[in-house]
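All remarks here apply to the structure that follows.
Here, each number is a calculation from the coordinates, and none is a lab measurement. The structure displayed is predicted, hence computed values, not measured ones. Neighbour counts run over all protein chains shown; Cβ positions are idealised from the backbone, glycine included.
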Amino acid sequence: MVEFQPGEERGKDGRRIIKVRKENLFETLKRLKSEGYIHLSLITGVDRKDYLEVVYHLHSLEKNEYISVKTVTYNGVVPSVTPLWKSADWEEREEYDLMGIKFEGHPNLKRLFLPENWVGHPLRKDYDLKNVQYINVDEDGEDYATFDQGDGW
Amino acid sequence: MKTGEPGIVTTTLEKALEWGRSNSLWPLTFGLACCAIEMMAIQASKVDISRFGSEIFRNSPRQSDLMIVSGTVTKKMAPRVKRLYDEMPYPKYVIAMGVCVIQGGPYVQGYSVVLGVDRVVPVDVYVPGCPPTPEALTYGIITLQKKIRGEAVR
């Protein structure tokens, strides 16, 4: 297991990459936002098998510069940044949907794309692709997932 | 020689119906992904499918005879594809356009893509390609016309 070291480095394109512990994540992002990185471009998640990595891509419109902030979590819980950026709401819901990362303090942490009763998080390395799931629509127009094909197929 | 007198054409009722159906295949406006861009091109002036009787893309499934499934069918979309197909009046035909629709294409190992739209609706003509050119799709429509008239070579 590789130990996580907080610090700063440069990416291949010269982009600053800041690594922080998740306890200091909110303060770091708040400081960067006050420094001009006001646009949250993207939140991505990486499954490193031993731990989960969450990457925040920020953009400064004045300097036209991108910056990446990386953090890791061993239990799948990361503080939410929705108080800083409203757009983080759906980004974090997508992360929760596909990677299974739980964001503490999120106002409405539900699945964004998949139905509520879908089993597992598909972009995790340990997701079992052999267990094929199907989506059907019930009478109210709501999706639900099943392991057998159902009427709609 | 033109004499101005009306001539007589003899045919069977079935042949006349087949001829009429095959030359008035109105497709449904139904684009799912990037193949839809190529599908749009077949009704534009360069490759005009009006020449073959597919006059106009209808906006309602109740007015259309042909569903061109153009683009990746996700599992979430599959019940909707089925529903649109059910809303179309008989006789109805389906063209599977592109390799995603035929068997999953580059998403064949994914969790979210239907591996062939023929698991959901019956398909008459498969048009392979990623995406197929407008000419290929026009060829698919002509093949479907031949199939309706009973002339298609398997």
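Here are the numbers:
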{"item": "Counting all C-alpha pairs of the range A:114-153, share separated by more than 13 Å (%)", "result": "54 percent"}
{"item": "Angle in degrees between helix A:88-99 and the longest Cα principal axis of chain A, rounded to the nearest 10", "result": "60 degrees"}
{"item": "Average other protein chain Cβ within 10 Å of Cβ, residues B:73-84", "result": "4"}
{"item": "Exercise: per-residue mean of other protein chain Cβ atoms within 10 Å, A:110-116", "result": "1"}
{"item": "Cα gyration tensor shape for the range A:7-110, rounded if a/c is under 1.5, else prolate or oblate", "result": "oblate"}
{"item": "Length added when fully stretched, A:R10-A:E23, from 0.36 nm per residue minus Cα-Cα", "result": "2.4 nm"}
{"item": "Efficiency of FRET between B:K147 and B:Q109 - r from beta-carbon atoms, R0 25 angstrom, step 0.05", "result": "0.15"}
{"item": "Viscosity 0.890 mPa s, temperature 25 °C, Stokes-Einstein D of chain B from Kirkwood C-alpha radius, µm²/s", "result": "150 µm²/s"}
{"item": "Length added when fully stretched, A:F113-A:S87, from 0.36 nm per residue minus Cα-Cα", "result": "7.7 nm"}
{"item": "Residue-wise HN-Hα coupling along the range A:23-33, computed from phi with Karplus coefficients 6.51, -1.76, 1.60 (Hz; x: Gly, Pro)", "result": "5, 9, 5, 5, 5, 4, 5, 5, 5, 5, 5"}
{"item": "Sites matching GluC sites (Glu not before Pro) across the range A:61-119 that sit in DSSP coil, with at most 16 neighbouring C-beta atoms within 10 Å", "result": "A:E62, A:E116"}
{"item": "Distant-in-sequence amide H partners of B:V113 (H built 1.01 Å from N, under 5 Å)", "result": "B:K75"}
{"item": "Candidates per trypsin sites (Lys or Arg not before Pro) in the range B:30-121, loop by DSSP, up to 15 other Cβ within 10 Å", "result": "B:K46"}
{"item": "Chain A: relative contact order as a whole-number percent, Cα under 8 Å and 6+ apart", "result": "15 percent"}
{"item": "Chain B, relative contact order in percent, only Cα pairs under 8 angstrom and at least six apart counted", "result": "24 percent"}
{"item": "Percentage of interatomic Cα-Cα distances in the range A:63-153 larger than 16 Å", "result": "64 percent"}
